[in-house]
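The structure under discussion appears below in the form of structure tokens.
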Amino acid sequence: MTDHGNVSVIGSGAGQGTLAGQPAGMGFEVYDTQFEAVLGADARLELVAETDAHEGPVYIPGHDALYFTTLPRPGNIPAPGTPEAVIKRLELNGLSFPVDESRISALPAHVHVPNGMTLGRDGHLVVCEQGTRSEPARISRVDPVTGQVEGLVASWGALSLNSPNDVVVRHDGSIWFTDPSYGYLQGFRPEPELGDYVYRFDPASGRLSVVADCFDKPNGLAFSPDGQILYITDSGANQGPGSYYVQRPHRILAFDVRDGTHLAGGRLFAVITPGFPDGLKTDPAGRVYASSPGGIQVFTPAGDLIGQISVPGAVNFAFGGPGGDVLFITTDAAIWAAVLNTAAGTSQRRDQAPERW
């Protein structure tokens with residue numbers, strides 16, 4: 001359910017409204033009192049750094065560092081106009097913001113148009129490489145210290161992947177990722193050999209399986225805290241940079257995970273408006289967070305919209321910080337931090353899940 005009635009707007013924290021370069025309209029919008037618990041008494045929104053942070057933010061606790069992929073820029077290899085992007089590391093200092101730009105460095109990882117990332121159970125980054133016309137699209141594993149890259153999977157059978165977009169690792173170590181054809185639509189990948197599918201990859205056996213084929217453009221994905229529900233965004237309303245087709249999907253679907261290997265019981269979880277959804281995460285209480293052009297929308301496990309963290313231009317986000325209750329948000333030009341109280345409600349019974357189709 002999406003209901004924008006009875007909106008209460010909370011500013012971005014004492015003294016934060018005058019931060020240099022802060023866009024207008026930033027803050028917290030409360031649509032239901034349940035969101036007030038998420039905010040807690042000391043919620044604040046602060047600039048972390050001005051940098052070309054685009055996608056794939058991942059916080060590694062032992063490093064107190066945030067990793068992200070940069071905004072693709074036109075390059076010349078192997079042909080003029082081929083996009084280039086890298087993985088960068090931002091060394092944090094607890095909850096002290098902003099962070100000096102000298103703490104940002106590029107990871108020496110040879111990856112091709114990296115996009116979504118997540119943290120593997122072995123402490124390595126699991127990276128979606130979108131590929132180019134000459135380099136394959138694939139899922140790879142990257143050492144966050146040395147930048148050493150190991151390719152994990154690049155094809156289903158003999159057919160090449162499109163341009164993997166986002167990835168998540170389940171508690172059993174299996175890797176689930178989306179593979180929309182955005183690379184082809186944006187002109188840097190060959191014509192697709194496969195549909196826009198969602199996959200499960202088993203690193204132990206090397207087996208890659210299609211788990212969903214009902215999407216226009218599958219994008220972000222996230223498991224419920226117990227790993228029994230997989231939420232997936234469909235950003236089909238966006239068919240290319242700057243486009244928006246309202247008749248196409250701009251929604252989140254929910255699926256039951258059967259035996260840890262298959263999806264069943266697909267149902268509508270929420271429709272995102274304005275715009276379309278991109279990144280997706282859940283918190284310890286099972287609430288679902290989805291990025292959209294206006295910021296991060298927050299839903300109950302039943303699909304009710306309870307609030308929004310307004311950050312114009314938001315692309316993706318990740319939980320992190322010493323207590324795991326900081327939401328790091330990328331906007332292509334900066335990284336913002338929303339300090340929250342995400343543990344609120346973990347002892348309460350979860351809302352009833354939405355009905356299946």
For n ≥ 4 DSSP H runs only, could you compute -39500 (n - 2.57) per run for the chain, divide by its residues and tell me the 222 nm figure to the nearest 500? -500 deg cm²/dmol
Give me the accessible area per residue for region 74-202, probe 1.4 Å, as a whole number in Å². 43 Å²
Let me know the shape class of region 141-276, please: from the alpha-carbon gyration tensor, a ≥ b ≥ c as square roots of the eigenvalues, rounded when a/c is under 1.5, otherwise prolate if a/b is greater than b/c, or oblate. oblate
Taking square-rooted eigenvalues a ≥ b ≥ c of the alpha carbon gyration tensor, is region 105-188 rounded, prolate or oblate, where a/c under 1.5 means rounded and, failing that, a/b exceeding b/c means prolate? oblate
Options (i) 1.03; (ii) 0.97; (iii) 0.94 - which one matches Rg/Rh (Cα atoms, Kirkwood Rh) as calculated here: (iii)
The chain, accessible surface, carbon-and-sulfur percent (1.4 angstrom probe): 49 percent
Compute the relative contact order of the chain as a whole-number percentage, counting only Cα pairs closer than 8 Å that sit 6 or more residues apart in sequence. 18 percent
For region 217-357, shape from the Cα gyration tensor axes a ≥ b ≥ c, cut at a/c of 1.5 then a/b versus b/c, turns out oblate
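The values are calculated or read from the model by the stated rules, or taken from the named source; none is laboratory data. This one's a predicted model, so the numbers in the text were calculated from it and none came from an experiment. Heavy atoms of the whole protein, side chains included, go into the accessibility calculation; ligands, DNA and RNA do not. Shrake-Rupley method; radii C 1.70, N 1.55, O 1.52, S 1.80 Å.
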